[in-house]
Structure formats: C-alpha cells, structure tokens
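These notes are about the structure you will find just below.
No value in this document is a laboratory result; all are computed from the given coordinates. All values derive from a computational prediction rather than experimental measurement. Methodologically, a virtual Cβ is constructed for each residue, glycine included, from the backbone with ideal geometry; neighbour enumeration extends over all protein chains shown.
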Amino acid sequence: MTTGALIFAINNETVDYVGLAAWNAANVRRHLKLPVAVVTDHVGDHAACFDHVITVPRPLDARQRDINLEGRATWYNTNRMDAYDLSPWTRTVVLDADYVVATDRLRVMIEHEIDFACYGRAYDVTARNDFAMLNTFGSFLMPMWWATVMIFNRSRTADLIFGCMRMVRDNWAHYRNLYGNRQALFRNDHALSIALGIETGHTLITQDIPWDLATVMPDCALQQLSQDHYRVVYQDGQGRARWIDCCDQDLHVMSKSQLGKIVANPA
C-alpha cells in the first residue's frame, strides 16, 4: 500500500494557495513522513516543493465568496470530491492548504486501517466562540463534518462517499432546499456531511478523527515564534488584547492572509 498527502491549491485574486501548500508540504514531510501531491491549475515556481504535480483545469462553477474578513474573491474549491480519482496513492490524506501540520498526530489515523475518516467537531482555540452552531448546518441542525482533513483508502466506502459529494455539488439547489440550508454558496463541508449521511444509511455512525479540529478564527492575528510554535493574538469580550500560544498543535487557520505572512517570512 502506498500512502501520501494531497493538497488542493488553486490561486485566486487574493490568496496564493499554491504558496501555502508548498510551505505546508515541508511540514507534512517533516512530521508525517509522507510524499505530497498538489492539485492545481498552475504550480508556478513551486514544482520542486511537491513529489507530484497534478494539473487540472479551473473549476467552471467557481463563485465569488467572502474570504472571511479578507474581502470577496473567486473560490475555486469545488473539485475536492475528485480526490478519490486524482490521488496517486492507495491511502490518501487530503489536507486544506490552510491546515498547518505541526505534529505527527495524524499518523495515528493514517496507520489505523479505516476506509474513511475526517473531523467531526471543531473549536475556537481562543475559547471565545461557541462552535455548537458551526458544527451543524441547515434548519434541522444536522451535524457537520469538516472536509479540512480527509483520510481514505481506495475502497468501496470511500468511492461511495466521494461520489455522493459530487452528486450533492451537482444538485446543490435541491440539497440546499432539502436540508433547509440558508447559505446559497456550496461548501465542501456540507457536501461531505450529506454524503456521510447517505453512506451510513442516515444512522450518522461514522469513524471520526477522535479529537477536535483546532481552529484559528479569521479576526485573529497569527505569529510564528519558532518552527512549530504559534501565537494567536485576539481581543476578548471587553476589547482587551489577549494572546494564546499553540505549541506542537495542528491548526486550521481561517485567515489566509495571516498564514501568508508567515509563509513569506517563516521563523
């Protein structure tokens, strides 16, 4: 069995996703000891940073969206469900370009023989925000799984999940109405959650990554103090400046511009 990481990275007007992916590829090799492939329409000067470059056309169904607090930009992230067909490995770890690998913790799941796993819950590292609503979607408050990290074997189960994600994407208006989702914009997280419901026969009995997804919210400033040591600077409820250090902790960084500053000037 071959194993590797797969990162989707298509640049838009404001975010150099390929640059983020190239920086994180070094973290993946250092901590997870895995080769890294990037899925992109143009790798630019970063080809040497990856073991495989998988070139794809830009998705035709890209849409404008708010990139958290960074303004509106075109979102080219509707082809995540192609991971099953594009991956060169039999066991794959799909990572968001803004998921900072700072530990070897994911190896626990990589080495565990399961066909599919992802994060079932996320939390705010500053503890300011209750993620109860963010961990659900739609008017029926269905539980939401996060497509930020997906680990899968080449198997019937994984093939079905990715196929269902594609079906949801291609018929998003229908599924949006079915689940009472007020958000018109398609999200991979919602497609994954619906697909897992279908695959489990709506029992919602899944194999999740057994710890929560540590999340840096978009209004936070992020500093890199050393290689795997980050400081999250934020304001508390009274507007006072606070900070929390995250050392040897994988992080999902929602502010791409903050991560981009670190990539441009690493510690």
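Some notes on this structure:
- FRET E, pair residue 47, residue 226, Förster distance 30 Å, beta-carbon r, rounded to 0.05: 0.60
- Cα coordinate range in the chain, projected on the principal axes (Å, largest first): 46, 44, 36
- Label-to-label distance for residue 212 and residue 90 is 3.7 nm, based on points extended 7 Å past Cα in the beta-carbon direction.
- Sum of side-chain charges, residue 105 neighbourhood, beta-carbon under 15 Å (Lys, Arg +1; Asp, Glu -1): -4
- Placing a label point 7 Å from the Cα of residue 113 along the Cα-to-Cβ direction, the residues of region 195-211 with a backbone N closer than 19 Å are 207-208.
- Net charge of Cβ neighbours under 10 Å - reference residue 138; Lys, Arg +1; Asp, Glu -1: +2
- Phi angles of region 91-108 translate, via the Karplus equation with coefficients 6.51, -1.76, 1.60 and θ = phi - 60°, into HN-Hα couplings of 10, 10, 10, 8, 10, 5, 5, 9, 9, 8, 8, 10, 9, 9, 4, 5, 4, 4 Hz per residue; Gly and Pro are given as x.
- Ordering of 173-183, 100-110 by burial proxy (mean other Cβ atoms within 10 Å per residue, highest first): 100-110, 173-183
- Summing charges over all other residues whose Cβ lies under 14 Å from the Cβ of residue 205, with Lys and Arg as +1 and Asp and Glu as -1, gives -3.
- The value of relative contact order for region 3-216, using C-alpha pairs under 8 Å at least six residues apart, is 21 percent.
- Hydrodynamic radius of region 153-232 per Kirkwood, over alpha carbon pairs, in Å: 15.3
- The GNM of the chain, with springs linking C-alpha atoms under 10 angstrom apart, assigns the highest mean-square fluctuation among 12, 153, 79 to 12.
- The relative contact order of region 110-237 comes to 32 percent, based on Cα pairs under 8 Å that sit 6 or more residues apart.
- Full-stretch length increase - residue 202, residue 127 - with 0.36 nm per residue and alpha-carbon distance subtracted: 23.9 nm
- For region 78-146, the relative contact order is 21 percent, taking Cα pairs closer than 8 Å that sit 6 or more residues apart in sequence and dividing their mean separation by the residue count.
- Solution diffusion estimate, µm²/s, Stokes-Einstein, region 73-154, Kirkwood Rh from C-alpha pairs, 25 °C, viscosity 0.890 mPa s: 166
- Tensor-based shape of region 123-164 (alpha-carbon gyration tensor, a/c under 1.5 rounded, otherwise prolate or oblate): oblate
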